[in-house]
Structure formats: structure tokens, C-alpha cells
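**Q** Please see the structure below; I have some questions.
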Amino acid sequence: MFKAESWIDDFFAGSRLIAEVRLHAHAFREPEFMLSNDLFPLQRSFGVEVDSVVSDSVVEPVVSDAPLAALLQNYQSGVNDRNALINLIKKFPSFPDPLLLLGLTYLLPGASSAQQRQQIFTRLASFLAFSFTQRPDLILQLIAAESALPVLKSLPDWSLLVSRYYSNTQCSLFYLQALWAKGRYQALHQAYVNYIFARRLFPQSDFMLRAFTIIGRIERTDILFRYIYQRYNHQLQLITISNMLFTALGLESIDHAYVAKLVADYHRLGLSTTSPALTATPIVPSGLSVFEKPLLAVVSADLRLHPVGRFWLPIARKLQEQFKLVHLAFNPLDQDEIRSELISLSHRWQPLEANDDISPLMAELQPQFLLDLGGHTADNRPGLLNQRYAPVQATYLGFFGPSYGLHCDWWILDNAIARRVQNSYPGSESIWALPGPSLCFDPTAHGLPVIEQLRYSEPDHPCLGSFNHTRKLTDSCIKRFASVLTGLDTATLLFRSHSFYDSAVRRWFLQRFLDAGVNPAQLQPIPYAVTGADSLLDYGRIHLHLDSYPVCGTTTTLDSMAMGIPVLTCPNHLYAGAISAAIIEQAGFADWICNDPADLPAMARDLCARYRSASSRKSLAQQVRLSPVCNTQAMPIMFAAQLKEMLKAASVTTQCSAPAAFA
């Protein structure tokens, strides 16, 4: 039988391919060896369930010379305890797997608090990285077990070779996710292709689809999604259908027949996971006394330093005065100033892991109102509003379209955007149109400098800007930008995105602008700023911000306006393409909205001339910050009143025996 110093050394050093080759070579000489229990690590690395014979002697501390494979086999069969695993680590210090197993099985689960667990995680990860420099897969396994996705962005630039950890596909997927988080898109694309060619059992994933979105090819993503839907419809999970809806609703026009099919599957899959306890008894609004605060449950993965968190914070400050505010927050490891204040404002703060079942929690809370701030965006809970958890349920803020939730009562918009999209989404939930802006922009929460600190350059030529994500720089968008630059042949375009961290992405977009007929002298790609505060300084270098299409800006539009830079937008009849126009209208600058793409060059010339001077831009910043979209008192008060009106409307509709009465 092979001893630990042969194939087992290769296996626990991470060279799984070499270990397997050695074993198969040995099997030619001793075929019965391939039936040995010592093969369990390799078999389990392929996901094979292994039944093993447990020796009575392994209950005692480890003192034998048996190979590490057999000892770990006995441990994983449930016979040994924590002390036996520690003995394994002492006996075989050059093998990292027992140490990782100790951390995952005892140290992390045994933490007395979330803070202590995070400290143990950090120390264990640092020790593994320092002691086993050739095993980056250990850190990735630890991250996977703890769902510590934010850590991926800070990992070193390892290269996870196909020839080593190829049987551990989980590590490879997290390696790809790390490349995604760090903006190394070309390396991600190449690594994925290499894995597909070299690995025998590489799992399906969406990394290639994501790559198309990064380079502004959302229509390619949609085509691939449609092919997947047609061929594998019966195998798709709820989250995949949600991703398909996200893509379909971000296109220039909506294929309503296709969306209807997706929605039908979205409802079917949502119902299949519904808790019987929640559907046994119909949930109707109960009567409220004058002095009672309704319980409002808010669910989101983005209650943190994120645009959703920043928009929600000023509203939450007022809501907590009139509601029992319960936040159900995914991404529990994130800690920042936005999250800290939201925790302080909460009647209850409930951190949740991505796969946690919220049904028991909802049954305990029995909220009067459920507000979903995620919709179909990443990391949120797809299908949440397919189930009935509260008498009134609504979607707001987190997604550029309706949820199509089976039990979503309202899609909360402002009257300006509602007017544009009221007939655009047949089969979706009803719109609740707010009488004022649907967004509350607090310049301080978004990190903007005060008016007195604003600085502007005054170049002798029009300077345009585009600071939206590259996924919004579609062919239609670049065509519109090209028409503006051609019409203003002395203008320059400063454009940036965090995707430009990858030089291949930057080259791609430069070439696309050139292919659209733009003079290369007019193009000025600028590096992505190190900090958010630094990025805001770039607004002081431009006269006009060009809005993207068909998915326009939201945070970028508000940042630009509050920094004193007008935004030129040309909307369509869909939320994704019209939210900028609604923001601009609510702020009082409807003359910035272009209704015909042919008029974009003339309007760009006019706005550049109007806001050419530094004083005019500073004056604009002052006007915007005094407008309704930045009123952090009036808008939240109005929003709270509208939520109570929704509760009233639901009470009347269901004809409750005890009608609600509100203060």
C-alpha cells in the first residue's frame, strides 16, 4: 500500500492531478489497491460519498503510524473528537487540511459572538496564507465556508493553476469570483476558458455572461440567456430566472411575450418554496390604534455603504419615529458607518446569511408592512414577494423595474417616473405614485464636499463627462455620444469607470468610440479614483455630464447635479431609461431632458455654454441641494405618510372589521 510519503504527500500539498496519476499508475501493478479505504480523500474531492470501516482504536489519541488519509477518514466518520483532530495536526504539521478542518468544525462555530468569529476567521486565514504559501485554495475554501465574499477583493494576485486543484471546483469558482471582484476581467475570461478545457467536471456558471455585461454587450447576454432558457427551462432555479428578468428589463425595448414566460416560471418556482405555515391562513391588515406603531420589515442586501443604503438612511431616520423599524440585512459581515446608523435606528436589526430561511422569522415578527429594497439585483432575495409575509408588501428603490412578485401589492415610484412607465409593464404589480420625489439624496451621506469647497476648471473648450459603469456604454449609448462629439468637434469627453482598472476593457471602449467615428483627440479616458472623495473631484473638470442609454444613471446623475454639473438625458418609456429624467424633473430642470436623440448635439452645446463659468456651476450646485430631491426632511416625512396610506388602502380593500386609524 502507498504510504503518506507518496501520493498522499501530493494530495495534501494540493497537487491533486499528480496524486491521481500516481494512483492510477500504481493500480496497473496492484489493481486491488484502488479499492482501499485510503483513497477516500481523492474520491471525496470529486464529491463521491464514501462508506468506510471504522476501527475501534481510533477513539484513543493518535499514536499509530497509519497514513494521514486513514486517520482523517476515521475522524470524518464521526468517531474522533476535537482532541483527536488536534493530535492529527501535531503529528502531521506539514499537512494543512486537518488545521482547516479544525477551524471550520470547531473554532469558527465555537465563537461566542460575530466579532469573535470574524477575528478567528482573520487569524486562521492569515496563518494558512503564511504557513502554506503554495495552497491558495485553503483560503478560498475558508472564504466559501464563511460566505466571506467581501474578502475576495483583498486577496493577493494568485494564479490558481488548472493542473493542481482541478478536483476542487468550489475553489476555482471562488478564484474566478476574486478576479471579478478585483476588476481583472481579461484574466477572468482566460481562466474560465482554461478551466473549461482542462477540467473534466467544471460546474456551470455565469462568468462568461457577466463578461459581456462589463463590455456593454447586454444584448449578447440576453441572447445567451434565451438559449439557456429554451434548452434548460425545466432545470433552472429561481435565482437564474431572476437574473434573466434583470437582463430582459434593462434592454432598449421589452419582449413582453418572453418576460411573461419568465414571470410564469418565477411565480411557479416561488410557490414551490412557500412555507405551508404562511399560506394556511390568509393575511389581512389588522386594525391599528391611534398610538400604535405599525411594524415595518425592510429586507435588503444593501443596507450598508452602497447607493441603496445611502438613499435609505435619511428615510429611515424619519420612519423610526412612526414605525417599528425592523431591518433584515444580508451581507452580515459588512460593517460601515451607514450600517452602524441604520442599526441604531432599528427597533430590531436581524443579520441574515444568503441562504437563511426567513419564514420562521416572519412568522415571529408578523409585520404589518414588508418593504423589499432588492428586487432582482445581485445578492438580494429573489422570490421574496412571491410569498405573503405581511398584509401589505411593496418593492422600492433597489431595482430598475417592477418585481412581478405574486404577492407584491405596490411598486413605489414618484409621479414623474410613474407617468412615463404606467403602461410599460403589463402583468406587473400596481404602481403607487408618490406626490414628490421617490429618492432622497443626502449630499453628506454620499460624501459630497460642501458648497464652499467646490472647485471648477474653466477650459477654453466644452468638456463633457461620462462616469457611469461600462455595462451602460452600449452600442446605442456610444452612438449617441458620438453624435454629440461630432456636433461639438472642439469638445473632449472625459470618461471613466472602475472597469478601466483592466487595461483590456479600457482599450475595448476606446476602439468602440473610434469605430463610431469619434476623433481620437476628443477622447480622454481617466483613471478611476482611489477613493470616493477623489472621484467627485472629476466633476469639477467638466461642463456637462452625458447620461447613458438604455440604462441611465441614478446615483451618478444625482452626484453630477449636486456637484453643479447639468446632466443631458434622452429617456425612453422604461424605468431603466427614464429615472434620470424623473430626477431632473423633480429637481426643477426639465429643460435638460431631450425628447429626440437628433437634438442631443444642439442641447449639449447650449448647456455647455450656459454652465461654462465656475460661478454658474457653483450656483447650480446650490440650487440642486435646495431642491426637493435633496430635502432630507420633507421627502422622508412624505414617504412615511404614504406608507400609512397604503395600509389604509389595504384595510379598506379587505374590509377589515376593525378599520385602521392613524395619528
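The values are calculated or read from the model by the stated rules, or taken from the named source; none is laboratory data. Worth saying up front: this structure is predicted, and the values here are computed from it rather than measured. Because the Cβ atoms are built from the backbone with ideal geometry, glycine has one as well, and the counts that use them run over all protein chains shown. What goes into the accessible areas is simple: the full protein's heavy atoms, side chains included, and nothing from ligands, DNA or RNA. Shrake-Rupley method; radii C 1.70, N 1.55, O 1.52, S 1.80 Å.
**Q** How much of the DSSP beta bridge set in segment 293-416 is antiparallel, as a percent to the nearest 5? Don't skip to the answer; put the middle values down first.
**A** Details: 0 of 20 bridges.
That works out to approximately 0 percent antiparallel.
**Q** Would you kindly state how much longer the chain becomes between Ser340 and Phe197 on full extension, computed as 0.36 nm times their sequence separation minus their alpha carbon distance, in nm to one decimal? Display every interim value, and only then the final one.
**A** On the way: separation 143, 0.36 × 143 = 51.48 nm, distance 4.60 nm.
Length gained between Ser340 and Phe197: 46.9 nm.
**Q** So, one more: Work out the charge dipole of segment 337-475 with +1 on the Cβ of Lys and Arg and -1 on the Cβ of Asp and Glu about the Cα centre, then indicate which of Val392, Thr470, Ala363 is farthest towards its positive end.
**A** Value: Val392.
**Q** In terms of Cα to Cα distance under 19 Å, which lysines are near enough to Lys90, apart from those fewer than 8 places away along the same chain?
**A** Within the straight-line limit of under 19 Å, Lys90 reaches these lysines: Lys3.
**Q** Something else about it: What percentage of all Cα-Cα pairs in segment 526-599 are separated by more than 20 Å? Provide the component values of the computation, followed by the final result.
**A** Working: 795 of 2701 pairs.
More than 20 Å apart: 29 percent of the Cα pairs in segment 526-599.
**Q** Cross-link candidates for Lys644: which lysines have Cα within less than 23 Å, leaving aside residues fewer than 8 places away along the same chain?
**A** Straight-line reach from Lys644, under 23 Å: Lys293, Lys318, Lys324.
**Q** For segment 104-196, what is the charge dipole size about the Cα centre, in debye to the nearest 20, if Lys and Arg each add +1 at the Cβ and Asp and Glu each add -1 at the Cβ? Provide the component values of the computation, followed by the final result.
**A** Numbers: 7 positive and 3 negative charges, 21 e Å.
The dipole magnitude comes to about 100 debye.
**Q** Still on this structure, I have one more. Taking a probe of 1.4 Å, how large is the accessible area per residue of segment 398-466, in Å²?
**A** Working: 2730 Å² over 69 residues.
Solvent-accessible surface per residue comes out at 40 Å².
**Q** Something else: In Å², and per residue, what accessible area does segment 120-165 have when probed at 1.4 Å with the other protein chains present? Walk me through the numbers on the way to the answer.
**A** On the way: 2300 Å² over 46 residues.
Result: 50 Å² per residue.
**Q** Here's another thing I want to ask about it. Below 14 angstrom from the Cβ of Leu352, what's the summed charge of the other residues (Lys, Arg +1; Asp, Glu -1)? Each step should come with its number before you reach the end.
**A** Values: positive: Arg304, Arg339, Arg348, Arg381; negative: Asp302, Asp334, Glu353, Asp356, Asp357, Glu364, Asp372, Asp379.
With Lys, Arg at +1 and Asp, Glu at -1, the neighbours total -4.
**Q** Identify the GluC sites (Glu not before Pro) of segment 328-365 meeting these criteria: DSSP loop state and at most 13 other C-beta atoms within 10 Å of the C-beta. Write out the running numbers ahead of the final one.
**A** Numbers: sites: Glu337, Glu341, Glu353, Glu364; in loops: Glu353.
Those that pass, being in a loop and sparsely packed, are Glu353.
**Q** Right, next: Would you work out which of Pro449, Leu494, Phe513 lies farthest towards the positive end of the dipole of segment 446-516, given +1 charges on the beta-carbon of Lys and Arg and -1 on that of Asp and Glu, about the Cα centre?
**A** After comparing all options, I get Phe513.
**Q** I've got another one for you. May I ask you to give the percent of accessible area on segment 555-639 that is carbon plus sulfur, with a probe radius of 1.4 Å?
**A** Numbers: 1510 of 2850 Å².
Carbon and sulfur: 53 percent of the exposed surface of segment 555-639.
**Q** Run the quick spin-label model on Ser503 and Ala264: label points 7 Å from Cα toward the beta carbon, then report their separation in nm to one decimal.
**A** Taking the simple label geometry, Ser503 and Ala264 are separated by 5.1 nm.
**Q** How far, in nm, would the chain grow between Ala529 and Leu271 when pulled straight, counting 0.36 nm per residue and subtracting the alpha carbon separation? Could the numbers behind the result be given before it?
**A** Numbers: separation 258, 0.36 × 258 = 92.88 nm, distance 4.49 nm.
The span from Ala529 to Leu271 would gain 88.4 nm if fully extended.
**Q** Using only the C-alpha atoms of segment 319-375, find the volume of their convex hull and express it per residue in Å³. Show your work: numbers first, answer last.
**A** Details: hull volume 5.4 nm³, N = 57.
So the per-residue Cα hull volume is 95 Å³.
**Q** How big is segment 452-501 along each principal axis, measuring the range of its Cα positions in Å and listing the largest first?
**A** 36, 28, 18
**Q** If I take R0 = 51 Å and measure r between the Cβ atoms of Val450 and Ser126 in this structure, what FRET efficiency does the formula 1/(1 + (r/R0)^6) give, to the nearest 0.05? All intermediate terms of the calculation are to be shown ahead of the outcome.
**A** Numbers: r = 40 Å, r/R0 = 0.79.
Taking R0 as 51 Å, the efficiency between Val450 and Ser126 is 0.80.
**Q** Under unit Cβ charges (Lys, Arg +1; Asp, Glu -1), what dipole magnitude, rounded to 20 debye, does segment 298-441 have relative to its Cα centre?
**A** About 440 debye.
**Q** What accessible area per residue, rounded to a whole number of Å², is obtained for segment 557-597 using a probe radius of 1.4 Å?
**A** Accessible area per residue: 21 Å².
**Q** Work out how much length Gln119 to Lys153 would gain on full extension: take 0.36 nm times their residue separation and subtract the Cα-Cα distance, in nm to one decimal.
**A** On the way: separation 34, 0.36 × 34 = 12.24 nm, distance 1.82 nm.
Separation in residues times 0.36 nm, less the Cα-Cα distance, equals 10.4 nm.
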